[in-house]
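These notes concern the structure reproduced below.
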Amino acid sequence: MKNVLEAPFMAEMIRTTTNMYAHGWDERNGGNISMLLDEEEVKKYLSIPAIVRVIPTGFEAPELDGKYFLVTGTGKYFKNVQYDPKKNLGIVRLANGGTEAEVLWGFSDGGKFTSEFPAHMMSHIARMKVDSENRVVMHCHPTNLLAMTYVHSLDEKAFTRTLWQMCTECIVVFPDGVNVLPWMLCGTNEIGEATAKKMETARLVVWAQHGIYGAGRDLDETFGLIETAEKAAEIWLKIAHLPILNTITDDQMHLLEKRFGVKAREGYLS
Ligand code: 2HA
Ligand code: ZN
């Protein structure tokens, strides 16, 4: 049996959480990540089934029955993951229609998965329906996007268009745009269901006055998605109070669509 700490998925998770902390997106215990793992991959490192303990999830997710996830722990700090992955991360398998999570590795201090587990699992279900290759759901508190939700309209089309106009590559990276949820109580099944609904039409979902969710095929792609939106929000905050002399026009956006083979969200460009 190989050492799970040397698994590529573990190395990538440690690098990503460390990097996100360095970006200032995950203060204290802020943020959480879940990544779908292949059973065959997990079996190289863990003898299955070797269930350490079982934790009720508080929701039903039959679509995810028997699926394996590497997930960050509740109350744990991204900055500490690299020093003690086994305490700050866990590998779980969902069972009994998604109502239980079997801990196979990690959460070694008796901890459990992130408080945002419902939003993560429901988002996985929603994204898998759109893209069977989707494996990652990532939540964090990027400074500029969060700041933007205090002073920009939360209308999804307006929010998306503002971000697209801030950097040429935005429409290429997230042509489906950014969906937005108004402030809601976090950690609940309700915000989980609302987030998943928004994930049906976009890979980025802003939680007003809180942070953002991203979904993608791997950690790099999902990080890059959030990174690009956050960069655009930063530029917007630098210029929004100044007289705007130039922008990226809708005609130019159409040129980008053609050049990069992407299709902007229906009805978002004139
Ligand atoms: O895990 O970010 O939304 C801490 C959070 C909750
Ligand atoms: Zn949060």
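Key figures for this structure:
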| quantity | calculated |
| --- | --- |
| The chain: angle of helix 189-199 to the longest principal axis, Cα-based, in degrees nearest 10 | 50 degrees |
| Mean separation of Cα contacts under 8 Å (6+ apart) over length of segment 189-229, as relative contact order % | 24 percent |
| Accessible area in square angstrom per residue, segment 1-71, 1.4 angstrom probe | 51 Å² |
| Sequence-separation-based contact order of the chain, relative, with Cα cut under 8 Å and 6+ spacing, percent | 19 percent |
| All-pairs Cα distance distribution in segment 130-190, expressed in whole percent, bin size 10 Å | 17, 45, 34, 4 |
| Most positive-pole-ward Cα, W236, G216, A194, against dipole of segment 152-238 from beta carbon charges | W236 |
| Spatial separation of Cα centroids for segment 74-107 and segment 179-193, in angstrom | 22 Å |
| Share of carbon and sulfur in the accessible heavy-atom surface of segment 1-157 [1.4 Å probe, %] | 49 percent |
| Principal-axis tilt of helix 117-130 within the chain, Cα atoms, nearest 10 degrees | 70 degrees |
| Estimated [θ] at 222 nm from DSSP helical runs (n ≥ 4, -39500 (n - 2.57)) normalised by residues in the chain, nearest 500 | -11500 deg cm²/dmol |
| In degrees, nearest ten, helix 250-260 long axis to first principal axis of the chain (Cα) | 50 degrees |
| Solvent-accessible area, 1.4 Å probe, carbon plus sulfur percent, for segment 163-248 | 56 percent |
| Under 13 Å, Cβ to Cβ, from W25 - net charge with Lys/Arg +1 and Asp/Glu -1 | -2 |
| Positive minus negative residues near E102 (Lys, Arg vs Asp, Glu; Cβ under 10 Å) | +1 |
| GluC sites (Glu not before Pro) restricted to DSSP loop in segment 164-270 with at most 14 other C-beta within 10 Å | E169, E200, E266 |
| Electrostatic dipole magnitude of segment 135-192 [Cβ: Lys, Arg +1; Asp, Glu -1; Cα centre; debye, to 20] | 80 debye |
| Compactness of the chain as Cα Rg over 2.2 N^0.38 Å, two decimals | 1.02 |
| Per residue solvent-accessible surface (Å²) - segment 138-270, probe of 1.4 Å | 47 Å² |
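The values are calculated or read from the model by the stated rules, or taken from the named source; none is laboratory data. This is a predicted model, so every value here is computed, not measured. In this analysis, Cβ positions are derived from the backbone assuming ideal geometry, glycine residues included, and neighbour counts consider all displayed protein chains. Heads up: the accessible areas ignore ligands, DNA and RNA and are worked out on the full protein's heavy atoms, side chains in. Shrake-Rupley method; radii C 1.70, N 1.55, O 1.52, S 1.80 Å.
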